[in-house]
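What follows is a set of notes on a single structure, which appears directly below.
The values are calculated or read from the model by the stated rules, or taken from the named source; none is laboratory data. Remember, predicted model here, so these are calculated numbers, not experimental data. No Cβ is skipped: glycine too gets one built from the backbone with ideal geometry, and neighbour counts run over all protein chains shown. Keep in mind that these areas ignore ligands, DNA and RNA; they rest on the heavy atoms of the full protein, side chains included. Shrake-Rupley method; radii C 1.70, N 1.55, O 1.52, S 1.80 Å.
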Amino acid sequence: MPEITNWMDQIQRDYPDVVSIINYGQTYEKRNINLLKIGLNTGAKKKAIWMDCGIHAREWISPAFCQYFVRQILQAYKTDPKMEEMMKNLDFYITPVLNIDGYIYTWKDNSTRLWRKNRSPGPENCTCYGTDLNRNFDANWGTVGISFNCCSIIYCGSNPTSELEAQAVTDFVGSRKDDFLCFLTIHSYGQLLLVSYGHPNFTAPNYIELIFSSNRLQNLWLSGSLNISMTCHNK
Amino acid sequence: MTNEELNPIHYPAQRAAKVVLHYLNSRCGSPYKLFELQTVYRVNAEDVADSGRKYRMEISVKEMFGNTVEKCSAEVLFPRGEQQGSPKVQTSCEELLKINTKSQEEALYQQYKTRHSLLSAQNLPDSYGHIEPDMTPFWCLGALASSFVMLAESTEETLYNMAQVTNITQLATEDDRLKFDYHILLHDVVSQEIIPWNLLITWSPPEGVKVLQMKQLPPHQKLL
């Protein structure tokens, strides 16, 4: 995690005209939740794209992807006119690691690697830790795909947005919701594109558009046009 | 619902197809031969009175080490209602099963039959996804053994993968088979749970993998 924080600072230093760091909350263990706001400052009010990574602690490739994505768009905008256009018209709000406490816990030792939830303690009568942040949002909360058993890996918390991390996202995006064109949350594994609302009885008003976008992305992937390869560089 | 054509790229079809792979790996895999699901082309699901729900499918299967791919048809019958037990699988896959890994298996077998010390290994892969190349056959053996469990435990609402071999302890034997105590972690994509299992297995090139005992374990304290 310190490496990621240092990298964020470095990125901001390297690209001061397009990158700023915004602190928008704190985790249960009182760590700062920061995002990178990436876009050209035109003085005008801009539309936005949200992307969060690392909401599930063990999905290590997710924070890696956010960092990869940031590097790609920053390298591209100097040379690719389309990317430069995007930077002028949009702001990207990218959170490399949302569930910082959980992520740090997965680095502790071999037996903690597969931790998923955050690290808030369970309710009074429970010895288990953690709420699944991706079940804590106030969208058909506590209905499908969850458990009220606090030891469960998909424990949805005591209340909607009871968790500081989920609250931080809700407050930030909620207070700017007319600006956001697109909300992306990155996970692993599965090779799945999932769209709202994850409930059999509720369909998003823009469902057709969501499916259309997913299909286009899927076709790009299947055609081999998307070329993503990440290698780790040892320091 | 009696008869339904499923969308082959969506979840329910993928879950049913995965079961075929657990079947193939448990029956036909070796430390140098492991199968994975490539593509699901077509799936039809039908209720069978008094038995359960039968999924008929066209899929392609890939052998992981050699990269060969074969298209096969398969059927998976999930028991329902009063019927209990594991899903029943039939497949037409033939070509992939003929892949010959006998000489590599024999070399591995000889090496571990004649060694003075018994193998002991942990965390395959490690936290960074790494497996030492000479441990890969033992990771693979773990995957084959896990397939017995995953086949037995699969339902229409599960999607199992082996997440990790946490521990391997080789045990001495009186006969000509190699014997191992495996501690593995299964992951169910649907519930997202990590489920530890303990497996006592034997292996030899002529006989393949045999599971002597399998036992589900309680979750690790650090993951609660």
Gaussian network model of chain A, Cα within-10 Å springs - most flexible of A:GLY54, A:GLY198, A:GLY102: A:GLY198
Over chain A, relative contact order from alpha-carbon pairs under 8 Å, at least 6 apart, %: 20 percent
Segment B:69-111, relative contact order [Cα under 8 Å, separation at least 6], %: 36 percent
Over 27 Å between alpha carbons, listed pairs B:LYS113/B:LYS210; B:LYS88/B:LYS113; A:LYS45/A:LYS117; A:LYS47/A:LYS82; B:LYS18/B:LYS113: B:LYS88/B:LYS113; A:LYS45/A:LYS117; B:LYS18/B:LYS113
Label point distance in nm, A:ARG13-A:LYS30, each placed 7 Å from Cα along Cα→Cβ: 2.7 nm
Relative contact order (%) - segment A:75-187, alpha-carbon pairs under 8 angstrom, separation at least six: 16 percent
Label-point separation in nm, B:ALA172 to B:GLU94, each point 7 Å along Cα→Cβ: 4.7 nm
Cleavage-rule hits (GluC sites (Glu not before Pro)) in segment B:62-112: DSSP loop, at most 16 neighbouring Cβ within 10 angstrom: B:GLU82, B:GLU94, B:GLU95
Along principal axes, Cα extents of chain A, largest first, whole Å: 57, 45, 37
Sulfur and carbon atoms: percent of accessible area, chain B [1.4 Å]: 49 percent
Calculated over segment A:113-227: convex hull of Cα atoms, volume per residue (Å³): 139 Å³
Accessible surface buried once A binds B (1.4 Å probe; total of both sides; Å²): 1700 Å²
Pairwise label distance in nanometres, B:THR39 with A:PHE212, each label 7 Å out on the Cα-Cβ vector: 2.7 nm
Over segment B:26-69: Rg over Rh, Cα atoms, Kirkwood Rh: 1.15
Accessible surface, per residue, of segment A:1-138 when the full set of protein chains is kept, probe 1.4 Å, Å²: 46 Å²
Apportionment of accessible area to carbon and sulfur, segment A:1-157, percent (1.4 Å): 51 percent
Radius of gyration and Dmax over the Cα atoms of segment B:183-224, both given in Å: 13.3, 42
Per residue value of the accessible surface for chain B (all protein chains in place, 1.4 Å probe), Å²: 49 Å²
Exposure rule at most 15 other beta-carbon atoms within 10 Å, DSSP loop GluC sites (Glu not before Pro): chain A longest free segment: A:125-235
Where chymotrypsin sites (Phe, Trp or Tyr not before Pro) fall in DSSP loop in segment A:51-124, at most 16 other Cβ within 10 Å: A:TRP107
Chain A: angle of helix A:61-79 to the longest principal axis, Cα-based, in degrees nearest 10: 10 degrees
If the convex hull is drawn through the Cα atoms of segment B:1-91, its volume per residue in Å³: 86 Å³
Hits among aspartates and glutamates - C-alpha to C-alpha of B:LYS102 under 19 Å, sequence gap 8 or more where chains match: B:GLU63, B:GLU94, B:ASP134, B:ASP176, B:GLU207
